[in-house]
Amino acid sequence: MTNSVLLGKPERKKWRAALAGVGVVALGIAGASGLAANAATPSVSQGLGQFLSGTVAGTDLANIVEITPASADNPNGVHPDANQPISATLLNSINVPLQLGGTDLGNLGGDNGILTLGAVAQRATAQDDGTATAGSGAVTDEGAIAIDPNTDSDFADATLSLDGLIGQVNGASDVLSDLSLNTGHLAATASQVGGGVPDSHYLISDLGFSLGSPAVGALSDQLDGVLSDLQTTINTALNNSLDLDALGLASLSGSVSVTLPTVSDLVTTVPTNGVTIDLANGTIAVDLEALLQSQGIDINNLPANTNLADYTPQITAGIVAAAQAVVQQFVTNLTSASLPISGNLTATLLGGVISGGLTVGGTVADPTVTTGNPLLDTVVGLLTSALGTAGDTLLGTLSGTVNTATGPILSSLNGLLGPVVAAVNEVVGLTVNVQPAVGDLGAGSFTVRALSIGLLPGTALGTINLASASVLGTDAAAADADTDATAADADAADTDADAPSDTDVDADATDADTAADTAADTAADTAADTAGDPDGSLAVTGSDDVTWLGGLALLMLLAGAGVAVLARRKASQH
């Protein structure tokens, strides 16, 4: 069905004016609506405090709803302050299965999980002036780092039991029997003021690892070997001194022996520059912060994205130095020990006419011999003197003997313990002061993390990020000033364009009116002729679908000319 509307010439001017006004208003409303619908409100500032993130076994930890971060977004979200603390119970309920190449390595959290976390704080702010701040870990409600190195709590820390990963590294089980990592207290904060350079801080307190290693057992065995050889040397010298047969006075039976302290008696587990070697249990505990500090390295003042594997030589040297201290402690305590001796002898005099028992005691330095038979007092004196002389000789050479015996042990420590540190690096990787190229809030944002832990670095098992803070700030004041300046310039331009002189208006009004009428009539006639209407009428035809839109557009175009005419006339009248 086709609909037609016929408008004759006398009516065109009126319709042009009316439709022009309607068309302009309609287009203005439509344009404004479209802009409002398509414009997104830009964020003035954003902050994100997130203690736990990363990807493990294909699971993005940031998407686990139980560990919601503190997120502030001005004006599109919570602002200006967002606090989101998380309890240890909630954090440790995370159950992410660990799979690598079809091998089940347990769970990240939950039952039999390898990760145990303490309660944490998460904080973020997004201010009207564009300032953004964030913090996570051991931070206060105001976003400041709050770690007390003298506090032994588990707030904002993490422990990883890595025993199940050792078998995934070729050869690691030869030097590692167990391995665990404790992060100590962690915190990170970030801020951005006025859209300037972000400022960040991180703090790590007591980061370290504990391990069991056959290498420690091997060191203990070597020291046991020194004691065994020394005992044989001392016993032989003491018993050789008791050869009274050479004097023709008596014959003796029995023997004397020295009692040496054990390795555990001689070596205590006192930390050496953050490293504690427990020979009795075959373990090494390393406080990385203290160890690196002893090497002149501040773990809390490292360059961005520092991989602690870069400090393997220093870490190895620190552990070897602790082992050397163990050996030196062994030597010092052994050479200063009292070295008790004991024995039971039987002396026979005059072909058996006189005989009796003798008891040897005291120490190598001060031996004693006693008997219950007064007739053996002479023998007692002789034995005491002989043992004393032998003891003096032994003690005079003891230090040299022990140092000679332990020399090869000291020389072997690098070769013994170096592979242990290398294996640890293959099981777990530690990166400090992490600052990714693109922050967690997207392009233009900044993120700092206190620590990132790589599980089996070089594999697809994953990375755990701990204590992250992200900001995206702007210079809101400058942006407002630019907006106001742009608006002022636009207003000034409009005023200049809309203020022609009265003289120009009066002079041009009549001519403009005549020209406008002529142009409008000509345009209408031309359009009518083009539409195939020889009598000069304007035919608007269209289908029920879209043809009428073309006619409406033409009407709106012609109506615009009418508005111009009316404006000029009104100007000329005034």
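Of all residues in region 107-137, count the ones that are in contact with a Gly (Cβ under 9 Å, 6 or more places away or on another chain), of a type outside the set (A, V, I, L, M, F, W, C) and touching a residue at least 40 places away in the same chain (Cβ under 8 Å). The qualifying residues number 12. Out of curiosity, is T474 surrounded by 14 or more Cβ atoms within 10 Å (Cβ to Cβ), of a type in the set (S, T, Y) and modelled with pLDDT under 95? When the stated conditions are applied, T474 passes them.
Where in region 353-469 are there strands (runs of 3 or more DSSP E), lying fully within it, with 2 or more residues that are more than 30 Å from D157 (Cβ to Cβ), modelled with pLDDT under 95 and open to solvent by less than 50 Å² (accessible area, probe 1.4 Å)? The qualifying strands (runs of 3 or more DSSP E) are 354-362. Where residues in region 62-83 are surrounded by 20 or more Cβ atoms within 10 Å (Cβ to Cβ) and not charged (D, E, K, R), which of them is farthest from T133 (Cα to Cα)? In this case the residue turns out to be I67. Picking from residues in region 238-250 that are open to solvent by 60 Å² or more (accessible area, probe 1.4 Å) and under 26 Å from L394 (Cβ atoms), the one that is modelled with the highest pLDDT is N240. S173 meets all of the listed conditions (1) within 17 Å of the chain's Cα centre (by Cα); (2) small (G, A, S); (3) not in a strand (DSSP E or B) but one, namely (1).
On the stretch given as region 274-287, residues that are crowded, with 18+ Cβ neighbours inside 10 Å, touching a strand residue (DSSP E or B) at 6+ places or on another chain (Cβ under 9 Å) and in a loop (DSSP other than H, G, I, E, B) total 2.
Table: residues versus (1) modelled with pLDDT of 95 or more; (2) assigned to a helix (DSSP H, G or I); (3) open to solvent by 20 Å² or more (accessible area, probe 1.4 Å).
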residue: V226; (1), (2), (3): yes, yes, no
residue: T236; (1), (2), (3): yes, yes, yes
residue: L252; (1), (2), (3): no, no, yes
residue: L260; (1), (2), (3): yes, no, yes
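Restricted to region 333-352, and to residues there that are modelled with pLDDT under 90 and of a type in the set (A, V, I, L, M, F, W, C), the residue that is least open to solvent (accessible area, probe 1.4 Å) is A347. Within region 196-210, residues that are in contact (Cβ under 8 Å) with a residue 60 or more places away in the chain sit with their Cβ atoms under 6 Å from residues that are part of a strand (DSSP E or B) and open to solvent by 50 Å² or more (accessible area, probe 1.4 Å), at 6+ positions apart or across chains, in these pairs: L203/I145; G208/N182. Would it be correct to say that N300 is under 28 Å from the mean Cα position of the chain (by Cα), open to solvent by 70 Å² or more (accessible area, probe 1.4 Å) and in contact (Cβ under 8 Å) with a residue 60 or more places away in the chain? Here the answer is no, as N300 does not meet what is asked.
Take the conditions within 43 Å of the chain's Cα centre (by Cα), β-branched (V, I, T) and open to solvent by 20 Å² or more (accessible area, probe 1.4 Å) and apply them to T268. Does it pass? Spelling it out, T268 is indeed within 43 Å of the chain's Cα centre (by Cα), β-branched (V, I, T) and open to solvent by 20 Å² or more (accessible area, probe 1.4 Å). Among the residues making up region 288-307, those that are farther than 23 Å from V448 by Cα and part of a loop (DSSP other than H, G, I, E, B) are Q295, G296.
Each residue in region 88-119 was checked for being polar (S, T, N, Q) and open to solvent by less than 60 Å² (accessible area, probe 1.4 Å), and 3 pass. For region 128-157, the candidate set comprises residues that are in a loop (DSSP other than H, G, I, E, B) and aliphatic (A, V, I, L, M); within that set, the residue that is modelled with the lowest pLDDT is I147.
In this structure, is G196 crowded, with 20+ Cβ neighbours inside 10 Å, over 30 Å from T346 (Cβ atoms) and small (G, A, S)? No: the conditions fail for G196.
Here the condition is being modelled with pLDDT of 50 or more and touching a Lys or Arg at 6+ places or on another chain (Cβ under 6 Å); of G58, G49, it holds for G49 alone.
In the set L160, L176, only one residue is under 25 Å from S200 (Cβ atoms), crowded, with 18+ Cβ neighbours inside 10 Å and modelled with pLDDT of 95 or more; that residue is L160.
A quick yes/no check of all residues on (1) in contact with a Cys (Cβ under 6 Å, 6 or more places away or on another chain); (2) more than 24 Å from A322 (Cα to Cα); (3) not small (G, A, S):
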| residue | (1), (2), (3) |
| --- | --- |
| T378 | no, yes, yes |
| G381 | no, yes, no |
| S385 | no, yes, no |
| T401 | no, no, yes |
| S411 | no, no, no |
| N414 | no, no, yes |
| L417 | no, no, yes |
| V421 | no, no, yes |
| V428 | no, no, yes |
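Per the listing S191, S205, the residue uniquely buried (at least 19 other Cβ atoms within 10 Å of the Cβ), at pLDDT below 95 and closer than 30 Å to Q435 by Cα is S205.
The values are calculated or read from the model by the stated rules, or taken from the named source; none is laboratory data. As the structure is a prediction and not an experimental result, all values here were calculated from the model. In this analysis, Cβ positions are derived from the backbone assuming ideal geometry, glycine residues included, and neighbour counts consider all displayed protein chains. What goes into the accessible areas is simple: the full protein's heavy atoms, side chains included, and nothing from ligands, DNA or RNA. Shrake-Rupley method; radii C 1.70, N 1.55, O 1.52, S 1.80 Å.
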